[in-house]
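To start, the structure itself, in structure tokens.
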Amino acid sequence: MRDDTSDTRPTRIRDWNAFAAVVATCVGLLALLVSGYTALIQRQQVRAQVWPYISVGNDDPRQAIEVLNKGVGPARVRGVQVWIDGRPQRNWDAALRALGIPPHGYQNSTLHDNVLSPGEQVTWIRIADPAGYLRFRDAYRTRIGVDICYCSTLGDCWISSDRPAGDRPEQQEVPQCPASEAGVMFGD
């Protein structure tokens with residue numbers, strides 16, 4: 001008589017604990033990826049909420065050059081450079097002399113190491129003499145180059161560039177503002 005109850009085939013025992021651990025690990029990795037993606041999206045949203053945008057322009061009725069923060073966040077100005085005919089200028093007195101305009105009868109505001117609030121407009125230089133202002137304004141588009149490096153409160157930085165040759169985009173994102181070089185940084 002034969003015993004049918006004994007089976008010589010090996011029995012497979014499933015280890016449900018190991019299977020549950022693998023599933024839990026996969027779920028954990030998925031949660032980590034979703035969390036990282038959410039953090040990236042939130043950083044981009046915060047970055048957009050504190051984005052500054054510096055613009056330079058002339059205000060003819062006031063005989064002035066104005067700097068405006070058209071962005072939605074404060075702009076921390078880290079450096080200013082002004083060139084006349086490609087040569088760096090140290091201040092407005094030197095710049096006006098280089099243009100052949102008497103360096104008196106003007107008012108100016110400091111930009112370097114200043115913070116411009118969103119929507120804030122600063123009169124950078126105002127020239128009292130109408131003829132002197134017209135000469136300055138005409139030279140501004142043909143002979144004067146300006147770079148203003150500024151950063152957001154998150155440390156993202158840009159250079160607002162206004163140059164006659166147009167050899168750089170108007171706004172360029174940079175990793176950080178360039179270090180101050182003697183004779184190149186403008187002391188306004």
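The values are calculated or read from the model by the stated rules, or taken from the named source; none is laboratory data. None of the values given here were measured: they were computed from a predicted structure. Every residue, glycine as well, gets a Cβ built from its backbone with ideal geometry; the counts of neighbours run over all protein chains shown.
The number of residues in segment 93-110 being surrounded by fewer than 17 Cβ atoms within 10 Å (Cβ to Cβ) and farther than 19 Å from Gly79 by Cβ comes to 8. Considering Arg137, Arg168, the condition of being modelled with pLDDT under 95 and part of a helix (DSSP H, G or I) is satisfied by Arg137 alone.
Across segment 111-134, what is the total count of residues that are assigned to a loop (DSSP other than H, G, I, E, B) and crowded, with 19+ Cβ neighbours inside 10 Å? Counting residues in segment 111-134 that are assigned to a loop (DSSP other than H, G, I, E, B) and crowded, with 19+ Cβ neighbours inside 10 Å gives 1. The number of residues in segment 171-183 that are out of contact with any Gly (no Cβ under 9 Å at 6 or more places or on another chain) and either surrounded by 14 or more Cβ atoms within 10 Å (Cβ to Cβ) or at pLDDT 70 or above (or both) comes to 5. Please verify whether segment 79-94 includes one or more residues that are in contact with an Asp or Glu (Cβ under 8 Å, 6 or more places away or on another chain) and in a helix (DSSP H, G or I). Yes, that holds for at least one residue. Starting from residues that are touching a residue at least 60 places away in the same chain (Cβ under 8 Å) and of a type outside the set (Phe, Trp, Tyr), keep the ones in segment 130-144 and report whichever is farthest from Arg87 (Cα to Cα). The residue in question is Pro130. The combined condition, being in a helix (DSSP H, G or I), surrounded by 13 or more Cβ atoms within 10 Å (Cβ to Cβ) and in contact with a Gly (Cβ under 8 Å, 6 or more places away or on another chain), is not fulfilled by Gly145.
Kindly check whether there is at least one residue in segment 57-72 that is surrounded by 10 or more Cβ atoms within 10 Å (Cβ to Cβ), modelled with pLDDT of 90 or more and more than 30 Å from Asp129 (Cα to Cα). Scanning segment 57-72 turns up at least one residue that is surrounded by 10 or more Cβ atoms within 10 Å (Cβ to Cβ), modelled with pLDDT of 90 or more and more than 30 Å from Asp129 (Cα to Cα).
Here is a list of conditions, (1) modelled with pLDDT of 90 or more; (2) of a type outside the set (A, V, I, L, M, F, W, C); (3) outside any strand (DSSP E or B), and Gln44 meets all of them except one; can you say which number that is? Going through the list (1) modelled with pLDDT of 90 or more; (2) of a type outside the set (A, V, I, L, M, F, W, C); (3) outside any strand (DSSP E or B), Gln44 breaks only (1).
Of all residues in segment 10-23, at least one satisfies being out of contact with any Pro (no Cβ under 6 Å at 6 or more places or on another chain), among the aliphatic types (A, V, I, L, M), in a helix (DSSP H, G or I) and at pLDDT below 85.
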